[in-house]
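Asker: One structure coming up, written as structure tokens, with questions to follow.
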Amino acid sequence: MRKRIGQVLLLAMVVLLSACATQQQRAERRAATQQAVEKAVAERRLHIDVTSMNTLRYGSRMVTPDFFLELQGDTLNSYLPYLGQAYQAPMAQPAQGLNFRERILQLQESRPKPHLIHFDIDVKTKEDVYRYLVDVYDNGKAAIRVQSQHRDAISFDGDCDLPELINGK
């Protein structure tokens with residue numbers, strides 16, 4: 001009987017110690033992610049891999065993994081799907097939609113909450129003028145809302161691609 005109680009106590013201690021190590025690992029991973037997000041924001045080198053889109057007329061949809069939004073200094077590289085109504089036929093043929101690489105007209109950064117960085121990005125293409133409202137959270141998640149003069153608004157959810165975490169830098 002005492003041997004059985006000793007085994008149970010030993011097992012409980014092992015489980016408890018491994019849980020503590022797991023909590024510490026999670027805390028370290030969370031801190032590394034926060035640091036990588038801060039570095040990407042400070043350098044204006046954000047790459048967001050889009051996972052889903054939300055439309056006014058057609059609801060939410062998952063997207064293939066090749067769509068992204070990238071902020072590179074003073075340039076916005078947008079490769080995003082669009083599903084919605086255009087109010088005016090595009091002048092450029094074929095229509096480029098949300099697939100372009102353009103210089104940013106205006107960029108404002110704010111921190112409305114401790115774990116949130118918000119960007120207002122204005123950009124003009126041959127077809128339209130867009131406002132990208134980008135929320136980047138310190139856990140690497142991101143939300144993108146796109147407003148246009150000639151199209152329905154659309155939003156996207158995604159994850160920041162943080163190479164520092166992958167490469168261990």
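Bear in mind these aren't lab numbers, they're just calculated from the coordinates by the rules spelled out. Keep in mind it's a predicted model, so treat the numbers as computed, not measured. Here the Cβ is made from the backbone with ideal geometry for all residues, glycine too, and neighbour counts use every protein chain on show.
Asker: If you count, for each residue, the other Cβ atoms within 10 Å and average over each peptide, how do 117-123, 69-75 line up from highest to lowest?
Answerer: 117-123, 69-75
Asker: Now for a different question. With a/c under 1.5 counting as rounded, go ahead and sort the range 39-109 into rounded, prolate or oblate using the C-alpha gyration tensor (a ≥ b ≥ c being the square roots of the eigenvalues; past the cut-off, prolate if a/b is larger than b/c, else oblate).
Answerer: Oblate shape, in that a/c is at least 1.5 and b/c is the bigger or equal ratio.
Asker: Can you spot the aspartates and glutamates whose alpha carbon is less than 16 Å from K126's alpha carbon? Ignore those fewer than 8 places along the same chain.
Answerer: K126 reaches E102.
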